[in-house]
1. If you check MET114, MET60, which single one turns out to be closer than 21 Å to CYS362 by Cα and surrounded by 15 or more Cβ atoms within 10 Å (Cβ to Cβ)?
2. Looking at this structure, is VAL149 under 14 Å from ALA407 (Cα atoms) and not aromatic (Phe, Trp, Tyr)?
3. Quick one: would you say PHE86 is assigned to a helix (DSSP H, G or I), touching a residue at least 24 places away in the same chain (Cβ under 8 Å), open to solvent by 20 Å² or more (accessible area, probe 1.4 Å) and farther than 26 Å from ALA418 by Cα?
4. Name the residues in segment 319-351 that are open to solvent by less than 30 Å² (accessible area, probe 1.4 Å) and free of Cβ contacts under 8 Å to residues at least 60 places away in the same chain, would you?
5. Looking at (1) within 25 Å of LYS40 (Cβ to Cβ); (2) open to solvent by 30 Å² or more (accessible area, probe 1.4 Å); (3) assigned to a helix (DSSP H, G or I), can you tell me which one GLU161 breaks?
6. Restricting attention to segment 216-265, report how many residues are open to solvent by 50 Å² or more (accessible area, probe 1.4 Å), of a type outside the set (D, E, K, R) and not in a helix (DSSP H, G or I).
7. Specify the residue that is farthest from PHE189 (Cα to Cα); the eligible residues are those in segment 374-407 that are open to solvent by less than 10 Å² (accessible area, probe 1.4 Å), small (Gly, Ala, Ser) and in a helix (DSSP H, G or I).
8. Quick one: which residue in SER3, SER74, SER98, SER10 is surrounded by 20 or more Cβ atoms within 10 Å (Cβ to Cβ) and either closer than 23 Å to ILE358 by Cβ or touching a Lys or Arg at 6+ places or on another chain (Cβ under 7 Å) (or both)?
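The values are calculated or read from the model by the stated rules, or taken from the named source; none is laboratory data. Treat the numbers as computed from the prediction; the structure is a model and nothing was measured. With ideal geometry, Cβ positions are generated from the backbone for all residues, glycine too; neighbour counts draw on all protein chains shown. Areas reflect the complete protein model, heavy atoms only, side chains present, ligands, DNA and RNA absent. Shrake-Rupley method; radii C 1.70, N 1.55, O 1.52, S 1.80 Å.
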Amino acid sequence: MLSILLFFGSYISGLIAAFRYAPVFAFITYQAVYFYNPEKRWWGNSIPELSYSYYTVICMLILLLLNWKKVNNSIWKVPQLKLVWFLMLLYGITYFWSPIQSLHYASWVFYLKMVVTISVAFKLCNTEKTLNYILLGYVYGAWYISFYVFQVGRNNGGRVEKVGTIDSPDANGLAAAIAPSIVICLYYFWASSNKKLKFLMVITGAFITNALVLINSRGAMLSVLAGVGFFMTHMFFSRVKKKNQRMAALGIVLVGISGVVYLADDTFIERMYTLKTESSVSTERETGATRMVFWGAAWDMAKDYPLGKGYRGFNQFGASYVPEHIDTGKSRNRTVHSTWFEALSETGYIGLLLLILIVYYCFKTTQLCKHKLRANSQLKEYYKVVAIQSALISFLVAMTFLNRMRAEILHWCILFTAVAYQIYVLKNEEKDREPI
């Protein structure tokens, strides 16, 4: 009952706020629906059977049309968004040589809808306030799914299964989806002067951390370490600091470590320990290191299929490139377990290059943001961009061990960088060009 009330409260209030206050609330509603995922929840049978995401995106499009004259931010001025469109179109072209064209087409349609959604969201986000809204919208969604994980508990071999989102139904995918939100919580706890928001970030961060411990994903924990480590390195060593910042950073680190130690149980510790024990490939059983064999096989496969083989191309052809003596678990037809090699095996060398360029421009544009903000002594905004970079780094680490090329959260992180670039760089350039 509580989940139903939370869902409808979020959905209805979000759409009302979108039409009454700011159109960007429609995208925040979309973020909430993504994590609530009512169609797959046990309580989903108790609510009307509707495509809530679809109607939310329709509302976004209507609001964009109603506010078209007020929208002056161009997608084509943001390199990472342009490249996302090119990659999506390239993925569509690979339909013609995909071995299972019906599945590839369905996957491409999903990808197209997502790219359209984040493009509309970008158009609706043209102020710093809207950037805060979508960042906190992501945190809210991550909190809900973490609360749901807390309710369900471990239900499958010391892990939490069947509670994920529509595009990340398994445990590892869900953990990767919420891991970047930790650093966003950390930023708002540190930067906000609002005590209520600070308290909410503490509670939210505790739920998300607890969910990551319960899910027991090694890749997600590595991603949290990478993202938080990047953020804290800036807190300690950046030239842009406020008074007693290093002491505050040290306190946050100590509290964070204490929290993880408190939440960690034997199951979690044993799971993390396998990072060391499964560091070598075995011919008798599948280990974590077996994924490196898959990556090598994907590289060999690309030599024969330089344009890729479409949706799940590695699943269809990769087994031929894995040495016979390597144990791959229950089946020889496995996923490649890396977004980089997923892009290579599905869209070829061009697709992999486009993905790398997207990531490159995400960091290049946010570095330009940091340079502008540092020059203007805008400390809080500077660290907001650092937090966005940290969230992206966190997801990049997680997706290195998962197939997430078309993941919503990856594209949300790209969206965050694009909005920051629009607000802190492109808008300022337009102001500089205005006649005095």
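1. MET114
2. Taking the combined requirement at face value, the residue does not satisfy it.
3. no
4. Hits for segment 319-351 are ALA319, VAL322, ILE326, THR328, LEU344, SER345.
5. The failed condition is (3).
6. Qualifying residue count for the region: 1.
7. The qualifying residue farthest from PHE189 (Cα to Cα) is ALA398.
8. SER98
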